[in-house]
Amino acid sequence: MQIEEFNILVTDLKDKMYRIAFRVVRDHEEARDVVQDSLVKIWNKRELLENVDNKAAYCMTITRNMGIDKVRGRKMQTSDISERYDLQANIADPERIAVGKDEFEIIRAFIAKMPDNHKEVLELRDIEGYSYKEISSITGHSIDKVKVYLHRARMRIKEHFKTHAA
Amino acid sequence: MTNSIDKIIEKYYAGETNQEEEKKLRTYLFSGQVSADHAYMRPLFKHFESERNMSIEFEPDLSFTSKRKTKVRNIWPKLISIAASFVILIAVAFSWFNNSDTMYKQKYTLLEDKADQEEALAITLDALGFLSKKFDKGTKPLVHIKDFERTDISKKNK
């Protein structure tokens, strides 16, 4: 892979890579580091990239794995998420649902509290718009499993928000 | 319309929708004609949309892609200048040695002539004679040392 080709790839994917990294590490500074490290890794393995059919999925897989490594290194993920989104405060106060921005925060916090597999598949599909096959290759789950996780994640959201709306 | 949307929503929750159907669902939810039953989905899809369009002020540093190449480019001129310096040094040394050797050989060749040898001998004898003369002149004042040795001062020092 030549520099020019790599630059095009970076321009096309950097935002998506950043969003994926951010969703894993939940910190802007760390997300930047993850993307930067991922790009270095992708560049160093550029010979491998020649034989990859879906380069975008390959880059996302590397980014996701680097993000997971970062979180593992941090060793504070589980206690951290609810604090970062002030989850309890948002969900406990139904009046805040009426305000648009808060509504987003509540949804984000709710998704963040989901099991990792569900959350990841949901975000890759509904936010990033990847196909089931691409999600399967990024996460390493089978397509059937991807659909199951997606179903469960969406049902959780439905149950929660339909009840709240009612 | 509502019937087909209901089916799409059903498929959506089952995790079975394709991208085209999801696009239709999005268009429906963002239109102003969302039924009360589906209204709760609107903020959710708006959230997805806002996350997708999240503004990111991030430009990765791609200098690592040119590092190796620049290094090679920087090394070559240095290598060439070092090699050139060596070539010049060797050439100067070679010509100097060659020159001095020729000069020596030329002198040596001159002395091979008998007349020159005699001339050289005469010059050498002249030089040695001159040196001997000067040496004699230098030793003459030392005769007075014996007078000095006979004095009291010299004896006292002994």
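The values are calculated or read from the model by the stated rules, or taken from the named source; none is laboratory data. Just so we're clear, the structure is a prediction, and the values are computed from it rather than from any experiment. Heads up, the Cβs are rebuilt from the backbone with ideal geometry, glycines too, and the neighbour counts pull from every protein chain shown.
The test for being in contact with a helix residue (DSSP H, G or I) (Cβ under 7 Å, 6 or more places away or on another chain), of a type in the set (A, V, I, L, M, F, W, C) and over 26 Å from A:Met66 (Cα atoms) holds for A:Phe104. Touching an Asp or Glu at 6+ places or on another chain (Cβ under 6 Å) and either modelled with pLDDT under 85 or not small (Gly, Ala, Ser) (or both) - does that describe any residue in the stretch A:114-135? Yes: the stretch A:114-135 contains one or more residues that are touching an Asp or Glu at 6+ places or on another chain (Cβ under 6 Å) and either modelled with pLDDT under 85 or not small (Gly, Ala, Ser) (or both).
Within the stretch A:30-58, the set of residues being at pLDDT below 90 and of a type in the set (D, E, K, R) comprises A:Lys45, A:Arg46, A:Glu47, A:Glu50, A:Asp53, A:Lys55. Being at pLDDT below 85 and within 13 Å of chain B (Cβ to nearest Cβ) holds for only one residue in A:Phe110, A:Phe104, and it is A:Phe104. For the stretch A:7-27, check the following and say yes or no: at least one residue is surrounded by fewer than 17 Cβ atoms within 10 Å (Cβ to Cβ), more than 20 Å from A:Ile68 (Cβ to Cβ), among the aliphatic types (A, V, I, L, M) and modelled with pLDDT under 90. Yes, there is a match, as at least one residue in the stretch A:7-27 is surrounded by fewer than 17 Cβ atoms within 10 Å (Cβ to Cβ), more than 20 Å from A:Ile68 (Cβ to Cβ), among the aliphatic types (A, V, I, L, M) and modelled with pLDDT under 90.
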